[in-house]
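*Asks:* My structure is below; once you've seen it, I'll send some questions.
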Amino acid sequence: MKLKTILAGTAGFALTLGASVYSAAFGNSEMVHFWVAAPAGVVRKPMVMRAPTGDCPGHPNTPARAASAVRMSPINIDLDKRGVLKRLLQPDIEALSTHWIYNLGAKPVRIRMDLVNTRAPVKWEVNANFPYDPRTHTFTQPLAPGESIPNLGIDWKFRIPRGSRLVYQGGLKLTDADTGELLTFIPIRLGRGIESTTRRSGI
């Protein structure tokens, strides 16, 4: 009996330790990273947004320093196709991440973010060297044309209900915080047995 207790305790400790190590060392590599540019409208299919060349229109003293092109597409994640460690040690969390939000428009804009149609709990983790209001998910300083949010890191962590086939069907919406105008909407689907498009967007 003592041996069984010791073995069970050892197994439990190893699983807990493994989960902690996985979360610290491997969790980020399992995240789906994507790029965001505005204004792109509704991203219904893979698309490329190109930065202005030279000075930004209407702002002749503001050089276009953004990436030359940003690729975006709808995001579909099939939870059944995630890695073995992910499904074993962290089956109840799915995370999306971005480090890149570009203003490829012609005017400065204060960007507000929203996840549309969330039903399962979602944790926002936002870090940036840029003024940000976590209550409204708004970057409170206008982002200049051709610029990106400096040192940005955003993680959205979805809590996955057990037995759910379709965990989330909504999207990331960026709006002009001053006018409410839609800037960019990227559809997002998380579920089991859905067509996956987890290939990273980017330059």
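Just so you know, all these numbers are worked out from the coordinates, no wet-lab data involved. Fair warning: this is a prediction, and the values are worked out from it, not measured in the lab. Reconstructed Cβ throughout: ideal geometry from the backbone, glycine too, with neighbour counts over all protein chains shown.
*Asks:* Could you give the length gained by full extension between Glu181 and Gln169, i.e. 0.36 nm per residue of separation minus their alpha carbon distance, to one decimal place? Present the calculation step by step, with values, prior to reporting the outcome.
*Replies:* Numbers: separation 12, 0.36 × 12 = 4.32 nm, distance 2.21 nm.
That pair, Glu181 and Gln169, stretches by 2.1 nm at full extension.
*Asks:* Another question, if that's okay. Mind listing the long-range amide H neighbours of Gly171? Cut-off is under 5 Å, sequence gap 5 or more, other chains count too, H placed in the peptide plane at 1.01 Å from N.
*Replies:* Val116, Ile188
*Asks:* To continue, here is another question. Quick one: net charge of Ala120's neighbours, Cβ under 12 Å, K/R +1, D/E -1?
*Replies:* Overall, the nearby charge balance is +3.
*Asks:* Skipping prolines and chain starts, which residues have an amide H placed within reach, meaning under 5 Å, of the one on Leu183, given they are 5 or more residues away or on another chain?
*Replies:* Leu174, Thr175, Asp176
*Asks:* Length gain on complete extension for the stretch Lys107 to Asp78, per 0.36 nm per residue less the alpha carbon to alpha carbon distance?
*Replies:* Length difference between fully extended and current span is 6.7 nm.
*Asks:* Largest first and in whole Å, what are the equivalent-ellipsoid semi-axes of segment 115-186 based on the Cα gyration tensor, each being the root of 5 times an eigenvalue?
*Replies:* Calculated on Cα positions only, the semi-axes equal 26, 15, 10 Å.
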